[in-house]
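Participant: Encoded as structure tokens, here's the structure I'll be asking about.
Read the figures in this text as sums done on the coordinates, not as results from a lab. Just so it is clear, the model here is predicted, and its values are computed rather than measured. Cβ sites come from the backbone with ideal geometry, for glycine too, and all protein chains shown count toward neighbours.
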């Protein structure tokens with residue numbers, strides 16, 4: 001069973017409580033633009049399920065039913081313990097290679113782009129990881145771990161990782177020796193020379209200690225968060241694809257099979273022309289680092305929060321409801337991505353009036369379609385109310401962006 005969906009309300013409550021706590025102690029770790037960007041990415045990860053081909057699940061099924069050595073008993077507690085520990089072992093290697101090899105970094109980089117560190121960062125997930133992540137877990141199915149057990153321990157592993165994305169919890173004594181904690185995971189997200197590419201474990205930090213990738217958080221070296229070669233935008237499309245674009249440019253430099261393979265599996269950031277752009281090895285100067293934080297009018301921030309609420313509601317309520325067929329889901333997903341793109345352009349401090357009009361016109365067509373095809377009435381009325389609010393806000397947005 002996948003427990004992540006059940007945990008989402010608790011994630012959001014925890015984010016709210018962390019925000020309130022930070023304000024109360026005068027140590028707020030949230031920025032509205034960065035947080036909205038992270039939550040957009042999390043929402044996009046959830047809704048993008050409509051496009052997944054299911055290649056990983058298909059291969060897992062074939063291995064489990066045709067090629068596994070045996071099938072473990074899912075009623076035996078030892079099966080669950082073994083699967084939980086083994087999953088984290090393979091997760092360590094998936095996570096490490098995702099930082100060290102270019103094609104895997106392309107699918108993982110989005111999680112590291114936030115330049116703040118708080119619980120919302122945990123929800124900032126890639127929208128393309130499903131394409132290749134499954135490769136690392138094939139051995140579990142070959143060893144006979146039942147798919148039900150695999151999905152369950154994978155979701156528990158992911159849920160565990162949520163709480164370690166905070167600045168408000170210090171070191172935890174002996175617990176640090178065995179398990180991933182906020183302290184040693186802060187190191188993982190940092191781009192300081194002392195910290196970069198360290199602490200890959202999901203639940204157990206033991207793997208890092210065993211395989212030489214552990215680094216303790218140092219009192220004299222405060223963590224700086226983000227990625228080297230920052231993208232300087234909150235745009236979720238560029239966040240997900242900018243390393244893929246770099247890879248394509250590198251492939252075009254020399255159109256050969258050898259270069260294609262070399263580019264895909266090279267160390268992160270390697271390029272045929274010697275460039276290190278996009279690499280965790282790219283030069284970094286802590287004193288020169290500046291966060292991407294364009295100053296925008298309060299109206300734009302409020303508008304972005306409204307869009308986040310609406311898109312999150314669609315993600316949580318409409319997509320899992322089964323009311324939409326595949327084509328309708330794809331259309332709605334496209335509109336969600338377009339809305340995220342438009343909203344983040346406002347947050348980036350860019351004029352967006354024409355594109356906003358186009359977006360509203362498309363949503364109007366979709367609203368008319370839902371009315372004419374007798375889809376659920378709440379969908380039509382919901383879209384209508386949403387459109388009216390957006391139309392009312394456009395003049396205010398345009399004025400706010402010009403100030």
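Participant: Taking a ≥ b ≥ c as the square roots of the Cα gyration tensor eigenvalues, with a/c under 1.5 meaning rounded and otherwise prolate when a/b beats b/c, else oblate, which class fits region 146-243?
Facilitator: The shape class here is oblate.
Participant: Report the gain in length on full extension from residue 259 to residue 21: 0.36 nm times residue separation, minus Cα-Cα distance, nm rounded to one decimal.
Facilitator: Gain in length upon complete extension: 80.6 nm.
Participant: If you don't mind, there's one more thing I want to ask. Under a point spin-label approximation (7 Å from Cα along Cα-to-Cβ), what is the residue 273-residue 197 distance to one decimal in nm?
Facilitator: For the pair residue 273/residue 197, the computed spacing is 2.3 nm.
Participant: Please say if region 4-211 is rounded, prolate or oblate, where rounded means a/c under 1.5 for a ≥ b ≥ c the square roots of the C-alpha gyration tensor eigenvalues, and otherwise the choice is prolate for a/b larger than b/c and oblate otherwise?
Facilitator: Verdict is prolate for region 4-211.
Participant: Find how much the distance from residue 101 to residue 160 grows on full extension, using 0.36 nm per residue of separation minus their present alpha carbon separation; answer in nm with one decimal.
Facilitator: Net length gain for the segment: 18.7 nm.
Participant: Same structure again: Express in nm, to one decimal, how much length is gained between residue 70 and residue 355 on full extension, taking 0.36 nm for each residue of separation and deducting their alpha carbon distance.
Facilitator: My answer for the length gained is 97.0 nm.
Participant: Let me ask something else about it. For the residue pair residue 291 and residue 313, what label-to-label distance in nm results when each label sits 7 Å from Cα along the Cα-to-beta-carbon direction?
Facilitator: Roughly 3.0 nm, to one decimal.
Participant: Let me know the shape class of region 127-195, please: from the alpha-carbon gyration tensor, a ≥ b ≥ c as square roots of the eigenvalues, rounded when a/c is under 1.5, otherwise prolate if a/b is greater than b/c, or oblate.
Facilitator: prolate
Participant: Ranked from highest to lowest mean number of other Cβ atoms within 10 Å per residue, what is the order of the peptides 327-337, 111-121, 250-260?
Facilitator: The peptides rank, most packed first, as 111-121, 327-337, 250-260.
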